[in-house]
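First comes the structure, then the notes that go with it.
The values are calculated or read from the model by the stated rules, or taken from the named source; none is laboratory data. What you see is a predicted model, and the numbers here were worked out from it, not measured in a lab. Counting neighbours? That spans all protein chains shown, and the Cβs are built from the backbone with ideal geometry, glycine included. Note: accessible area is taken over every heavy atom of the protein model, side chains too, but ligands, DNA and RNA are not part of it. Shrake-Rupley method; radii C 1.70, N 1.55, O 1.52, S 1.80 Å.
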Amino acid sequence: QLQASGGGLVQAGESLRLSCAASGGIFSLLDMGWYRQAPGKQRELVAVITSSSGTNYGHSVKGRFTTSRDNAKRTVYLGMNSLKPEDAAVYYCNAYSRMWGVDSWGQGTLVTVSS
């Protein structure tokens, strides 16, 4: 199971850090992703951190967002700086491993950015 937290209401230019805690399983062997979905839009990739801690970011968040993981705490983080109103969405975390047959989603945490 994945439990995302840390969302809230911020003003444009401010920062937030999201967390996603995992229970059970083989966390350290999983790729962890952050996705977001704004009303009326498709879910889009925000960031991925692989089991070997390689990272990849969506074009719109590069340079502003940073993802990291703490395998001992079974938690992945998304640091979001210089937030823009267009960053407002429900943010979901995902755990994935093709090898281990894992594709699990958290419940989402809402980020609202006022201009």
| field | Ranked order, M80, M99 - accessible area, probe 1.4 Å, largest first | value | M99, M80
| Hey, what did the chain get for relative contact order, percent, Cα under 8 Å, at least 6 apart? | 36
| How big is the charge dipole of the chain about its Cα centre, in debye rounded to the nearest 20, if each Lys and Arg gets +1 on its Cβ and each Asp and Glu gets -1 on its Cβ? | 80
| note | The long-range amide H neighbours of K84, using H built 1.01 Å from N in the peptide plane and a cut-off of under 5 Å, are G13
| Quick one: with all protein chains in place, what share of the accessible area of segment 6-110 is carbon or sulfur, to the nearest percent (1.4 Å probe)? | 50
| task | Determine the per residue accessible area of the chain with all protein chains present and a 1.4 angstrom probe, expressed in square angstrom. | result | 54
